[in-house]
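Peer 1: For reference, the structure I am asking about is given below.
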Amino acid sequence: MIMKKNVGYWDSIIRTIAGGIIVSLGLFYENYWGLAGLILIFSGVVEFCPIYRLLHFTTMDPNLEREN
């Protein structure tokens, strides 16, 4: 399976920040739910979301061409 980018610029920033907050809260409250934030961070960094792929959805700008 090819991981073609389907997460746009602002979406990846929001995912990374939200993931960082969730990880921080998980560490603060000593809870394993903070690990869920790692999924958001990874998804934001690599700009690929498997759920978006299943739903054939993308937040990428169609006019912006980037290397995949």
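Peer 1: Which residue out of Val23, Val7 is β-branched (Val, Ile, Thr) and either modelled with pLDDT under 95 or not in a helix (DSSP H, G or I) (or both)?
Peer 2: Val7
Peer 1: Pairs under 7 Å by beta carbon, first residue within 14 Å of Ser43 (Cα to Cα) in the range 8-32, partner surrounded by fewer than 15 Cβ atoms within 10 Å (Cβ to Cβ) and of a type in the set (Asp, Glu), six or more apart or different chains?
Peer 2: Going by the 7 Å Cβ cut-off, the qualifying pairs are Gly8/Asp61.
Peer 1: Considering Ile51, Ile2, Ile13, which residue is loosely packed, with under 13 Cβ neighbours inside 10 Å and not in a helix (DSSP H, G or I)?
Peer 2: Unique residue meeting the criteria: Ile2.
The values are calculated or read from the model by the stated rules, or taken from the named source; none is laboratory data. Just so it is clear, the model here is predicted, and its values are computed rather than measured. Neighbour counts run over all protein chains shown; Cβ positions are idealised from the backbone, glycine included.
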